Structures are given as structure tokens and as C-alpha cells.
Amino acid sequence: MRYCCILLFLSVLLLGCKESQSRKKTRLTDLIPKDRSASTDKSTVGLYIYVFELDRDRYPLVLEGLYDVNDLPVEYDSSNSFAGNGFISGGGDITTWAKLAQILTDSQAKVAKRTITYISENISGDVVITSLDKPSSVRYHQGGDASIGIGLPAGNVSLRLNTKPLIGLKQICRLNITPVYKAEIVSDKKQKSGKTQPMAWEFPFSSTSLNVPLRPGQFVYIAPNPTNFPQEGPAAVGQMIFCSDKPKPVIRFCLVACSLIND
């Protein structure tokens, strides 16, 4: 029943978003967070972000299905670096989703996280998709054959979402997605009270950025590709974000679906 609900909800989202956009257009300001409602001269994009989770031994079946989800022209800052960091990506619409949803059902995938956000034109928004509760190291592929090891404090992984309009076209935007690691680091400097001051720190994994033209009713996904994980040493970026051994070995992947574009 749980998997039928997943299929039904996303099917309604992808099929009915254009109709609901027209029907509720006058109420859009009620949906947009107040701190962004002032930007009435800019388009606003509504996005659903899903994180799916399944047992690791069931992932090969899902990975095979994800490779077939290639109906959208996804572009990368560096396709070699994107793959080298252990990622794959693709996208589609309701027809594509129907095929993928069946595979997720067969693999007993579940929704681990669901978020809706509204992104104003040229204003980035961050959505947390996972957390690391202790320091770790990651292998980051920067381009060509170059890769570096990076030590990370405990923190969160977010997807930084940014949308831009396509000149002369309505009901379509260019969505940029960049994974970003964010943490608070305790500074050596002390305040007058004698307490240390935590500082915000972030590291954008810029070489894993992707861009895709997206319409209401379409989606794009980011998922791990275990065949590109290192055999030893620090984990790849995709491995660090989407794989976990506790309390049991699981793999996750992220899907971003466009629900509306107010332009």
C-alpha cells in the first residue's frame, strides 16, 4: 500500500500540476515563503525533493532502471568529474516515472525524506538531504585525472538549487543543482564572554553540478554509481552522500520534480 501511495502521489503531481497551476494561480502568494513574496517581478519555481532509500543489495535493479531514464538533456559542468565522483543523473516525465515507479515498488524502496521548496529566479536555495554525525574523509574528483582527499567535519549535505528563465519561453526554466557540504566549525577566537564562536563553513562540490531544462510535470534525479566508487581509501562524493552502513547497508538517491512555474 505504501508503494501505491508513492506512485499515486507523484503521478498526480506530474499529471495534474499544470491544471492546478492554472486553478490556484491567484493563491500562489500564499504558498511562497513571506521572505520571497516581495520578488513579484521574478518567476518562481515550485520543486518537490524526494530522497528514496532501499537495501543495498536491491540497488542494482534500480540502477538498471535509472540508466533508462534519459528523456531530458542533462548537462554537466564536467561530465567526467560528475561520473568520477560516483554519480549518475537523468530525467523524464509522467510516462518515464510510471516505469521507474514500478521498479522502486519491486525493490521495496521507501521515501526517506520529502521536501517542497519555492525558488525565485536567480536566487539560490539549499535543501538538506543527508547528515554526517562524525568527521570523515571524501575523495573529490576535480577534473581530468585529478582527485584530492578532503577532511570533512560533522555536518550536512544540501542540494543548492538555482533557477533561470529561458529567454522567450514560458513554463520552462533552467535548473542548476550543486551538492554542498555545510558545517559549523568552532573558532579559536573567543568572545568577550570567554565562549568560542562557531563559524559557518561550506564546500560546494562544483565539479558535480548539473543543469537541466525543466517544465512542470518533469523530474530530474541524482543517484550513486557504485561502479565508480574507489576500491580503497576515502569514499567518493556520491558514496559519502548516498550510501550508509548503519543501522544496515542502504543506498539512497534524490529526485527533484517540478510542480509549477509562475512566470
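The values are calculated or read from the model by the stated rules, or taken from the named source; none is laboratory data. Bear in mind the structure is a predicted one, so any value in this text is a computation, not a measurement. Heads up, the Cβs are rebuilt from the backbone with ideal geometry, glycines too, and the neighbour counts pull from every protein chain shown.
Among the candidates G143, G151, single out the residue that is of a type outside the set (A, V, I, L, M) and at positive phi.
On the way: G151 fails: at positive phi.
After applying the criteria, what remains is G143.
Tally the residues that are in contact with a Phe, Trp or Tyr (Cβ under 7 Å, 6 or more places away or on another chain) and among the polar types (S, T, N, Q), restricting the search to region 64-84.
Total satisfying the criteria: 0.
Between a residue in region 190-216 that is farther than 30 Å from G92 by Cβ and any residue that is modelled with pLDDT of 90 or more and small (G, A, S), which pairs come within a Cβ distance under 9 Å, given they are 6 or more apart or on different chains?
A200/A183; W201/G155; W201/A183; E202/G155; E202/S158; E202/A183; F203/A183
Conditions tested, residue by residue: (1) surrounded by fewer than 18 Cβ atoms within 10 Å (Cβ to Cβ); (2) closer than 18 Å to V256 by Cα; (3) at pLDDT 95 or above.
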site	(1), (2), (3)
T96	no, yes, no
K99	yes, yes, no
L104	no, yes, no
K134	yes, no, no
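Kindly indicate the residue of region 161-176 that is of a type outside the set (S, T, N, Q) and crowded, with 19+ Cβ neighbours inside 10 Å and also farthest from C254 (Cα to Cα) among those meeting that condition.
Taking region 161-176 first, the residues of a type outside the set (S, T, N, Q) are 161, 164-170, 172-175.
So of that shortlist, the ones also crowded, with 19+ Cβ neighbours inside 10 Å come out as 161, 173, 175.
Details: L161: 13, C173: 19, L175: 15 Å.
Ranking the candidates gives C173 first.
For N211, which of the numbered conditions (1) more than 18 Å from P73 (Cβ to Cβ); (2) in contact with a Phe, Trp or Tyr (Cβ under 9 Å, 6 or more places away or on another chain); (3) among the polar types (S, T, N, Q) fails to hold?
For N211, the failing item is (1).
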